[in-house]
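A.B. asks: Sending over a structure as structure tokens; questions will come in a sec.
The values are calculated or read from the model by the stated rules, or taken from the named source; none is laboratory data. Fair warning: this is a prediction, and the values are worked out from it, not measured in the lab. Cβ placement follows ideal geometry from the backbone for every residue including glycine, while neighbour counts extend to all protein chains displayed.
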Amino acid sequence: MRKPVIAGNWKMYKTIEETVDFVERIKPVAAQASHCEVIVAPPFTALAAAAAAARGSKVLVSAQNCHWDKEGAHTGEVSTLMLRNAGCTHVIIGHSERRQEWGETDEQVNKKVKAALAAGLTPIVCVGETLAQREIGETEENLERQFVGGLAGLTPVDFSRIIIAYEPVWAIGTGRTATPEMAAEAHHFLRGLAGRQFGEREAQGIRILYGGSVKPDNVGALMAQEEIDGALVGGASLKVDSFTALVNYPRG
Ligand code: PGA
């Protein structure tokens, strides 16, 4: 019903040559993996090369960020049309590193999501609480604020075209994973919000990925949760071997 997604967020890693080599080696893996969608998100400089290498295969290419305008005087920015033109099908929006390092707001996330949809890209919209928020019991309040703000003004049809990634900030790059139960609880909460805002059918159809220190040895337990529809993976997505193991996660 909800096709799982295994997505690698490469962050600021890999040259064009390294990207093409990776894509070439992961193509046969993706070809065998009919149980899930396989996405890689290289840095901007390597997107066109990644898409060219992936053409005709089951490897999909995502950007890690975008601007909301079609074009304009925005030094250093890249538009959703440019990403489409480079061969991307997806774009990660509102990653916690962008929220923390660049002060990205829910309002900006919202504009980016709308621009991505308008350009025919699938937005992978990231939400997640910080450790401080979790410790003072504000996990759900934060998730709701990010969900409602980031997805404001979307129609149910728009909503059905996006992917959500739940990434607790304290689990990203720390080796500290949310337990499968903790993640499932947050996913369940998000699906409830989706039901209230967009409708029950849309809520049942939306794919919610978990992100934060997903590795080959914990991906099976996470994916065994009914609520978890895939993984957005940083560190463990950078090596072909571990990304292959993630794509081929243990299935019951
Ligand atoms: P990580 O990163 O897997 O290295 O924790 C996840 C992410 O930031 O998407």
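A.B. asks: Please go through region 131-149 and pick out each residue that is over 28 Å from residue 221 (Cα atoms) and either within 16 Å of the ligand (Cβ to nearest atom) or surrounded by fewer than 16 Cβ atoms within 10 Å (Cβ to Cβ) (or both).
C.D. replies: Taking region 131-149 as the starting set, the residues that turn out to be over 28 Å from residue 221 (Cα atoms) are 145, 148-149.
Those that are over 28 Å from residue 221 (Cα atoms) and either within 16 Å of the ligand (Cβ to nearest atom) or surrounded by fewer than 16 Cβ atoms within 10 Å (Cβ to Cβ) (or both): 145, 148.
A.B. asks: For region 1-22, name all the residues that are under 18 Å from the mean Cα position of the chain (by Cα) and on the phi < 0 side of the Ramachandran plot.
C.D. replies: Result: 2, 3, 4, 5, 6, 7, 8, 9, 10, 12, 13.
A.B. asks: Can I ask one more? From the list 181, 167, 141, pick out the single residue that is touching a Cys at 6+ places or on another chain (Cβ under 7 Å) and among the charged types (D, E, K, R).
C.D. replies: 167
A.B. asks: Tell me the helices (runs of 4 or more DSSP H) entirely within region 171-252 that contain at least 2 residues that are away from the ligand (no atom under 14 Å from the Cβ) and of a type in the set (Asp, Glu).
C.D. replies: Here the list reads 180-198, 200-205.
A.B. asks: Taking the stated definitions as given, is residue 214 of a type in the set (A, V, I, L, M, F, W, C), in contact with a helix residue (DSSP H, G or I) (Cβ under 8 Å, 6 or more places away or on another chain) and buried (at least 17 other Cβ atoms within 10 Å of the Cβ)?
C.D. replies: yes
A.B. asks: Based on what the data block shows, is residue 157 surrounded by fewer than 17 Cβ atoms within 10 Å (Cβ to Cβ), hydrophobic (A, V, I, L, M, F, W, C), at pLDDT 95 or above and part of a helix (DSSP H, G or I)?
C.D. replies: It is true that residue 157 is surrounded by fewer than 17 Cβ atoms within 10 Å (Cβ to Cβ), hydrophobic (A, V, I, L, M, F, W, C), at pLDDT 95 or above and part of a helix (DSSP H, G or I).
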